Amino acid sequence: MTASDPKAGRVLGIDFGLRRVGLAISDPLRIYARRLMTLERQRDDGPGPLEAVADLCAQEGVDTIVVGLPHRTDGRHSEIAVLASDFARALEQATGCRVELFDERYTSLLASRLIMETARKKKRTDKSLVDRVAAEILLQDFLDNERGGLTAGPYGS
């Protein structure tokens with residue numbers, strides 16, 4: 001399936017974390033991303049909130065999932081990258097969707113800056129909002145890259 005295929009499903013973007021998982025979803029035409037929600041992780045959820053994501057995929061007609069792969073600034077995998085890769089593999093099994101890993105370097109930093117710049121009052125940044133915005137940035141980069149366009153970040157895929 002391609003972005004121009006009218007039968008293509010939505011894409012779910014995931015900013016994977018140890019405490020929270022930020023989610024964003026594409027429109028049906030796979031042109032733009034919008035932040036969706038943040039799932040709080042439970043201590044006993046194994047690789048991550050698989051059931052909640054699988055249910056969401058079924059409800060929203062998702063056929064592709066993009067999981068952020070956190071690299072270090074020097075390009076090496078971080079410790080959490082292994083956990084994000086495990087989560088991606090488990091999602092593929094749980095959902096039957098195509099699952100892609102996509103470089104997410106700087107998405108949380110960009111999200112924090114965006115929130116701070118647009119906030120009316122200077123207050124502590126809501127970390128769950130940062131996770132949702134980071135997922136939105138990650139997903140928009142993926143969608144732009146999928147269509148052959150430029151990405152917002154300095155990395156691409």
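The values are calculated or read from the model by the stated rules, or taken from the named source; none is laboratory data. All figures in this text were calculated on a predicted structure; none of them were measured in a lab. Positions of Cβ are generated from backbone atoms using ideal geometry, with glycine treated the same way; all protein chains shown enter the neighbour counts.
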Inset, instruction - Mind listing whichever residues of region 90-136 are in a loop (DSSP other than H, G, I, E, B), modelled with pLDDT of 80 or more and surrounded by fewer than 16 Cβ atoms within 10 Å (Cβ to Cβ)? - result: GLY96
Inset, instruction - Would you mind stating whether ARG43 is free of Cβ contacts under 8 Å to residues at least 40 places away in the same chain and under 24 Å from GLY148 (Cα atoms)? - result: no
Inset, instruction - Given the conditions (1) surrounded by fewer than 21 Cβ atoms within 10 Å (Cβ to Cβ); (2) under 21 Å from ARG132 (Cβ atoms); (3) modelled with pLDDT under 90, report the number of the one that ASP44 does not fulfil. - result: (2)
Inset, instruction - Would you check if GLY9 is small (Gly, Ala, Ser), at pLDDT below 95 and surrounded by fewer than 20 Cβ atoms within 10 Å (Cβ to Cβ)? - result: yes
Inset, instruction - Confirm whether VAL62 is crowded, with 20+ Cβ neighbours inside 10 Å, closer than 20 Å to LEU139 by Cβ and touching an Asp or Glu at 6+ places or on another chain (Cβ under 7 Å). - result: no
Legend entry - Members of region 19-76 found to be of a type in the set (Lys, Arg) and assigned to a loop (DSSP other than H, G, I, E, B), listed by number: ARG19, ARG30, ARG41, ARG43, ARG72, ARG76
Inset, instruction - Scan region 48-57 for residues that are in contact (Cβ under 8 Å) with a residue 12 or more places away in the chain and surrounded by fewer than 17 Cβ atoms within 10 Å (Cβ to Cβ) and jot them down. - result: LEU50, GLU51, ALA52
Legend entry - Criterion (at pLDDT 90 or above and touching a Leu at 6+ places or on another chain (Cβ under 8 Å)) met by exactly one of LEU69, LEU139: LEU139
Inset, instruction - Select from region 72-89 the residues that are surrounded by fewer than 14 Cβ atoms within 10 Å (Cβ to Cβ) and either of a type in the set (S, T, N, Q) or touching a Leu at 6+ places or on another chain (Cβ under 7 Å) (or both) and list them in ascending order. - result: THR73
Legend entry - region 47-66, residues that are of a type in the set (Gly, Ala, Ser) and at pLDDT 95 or above: ALA52, ALA54, ALA58, GLY61
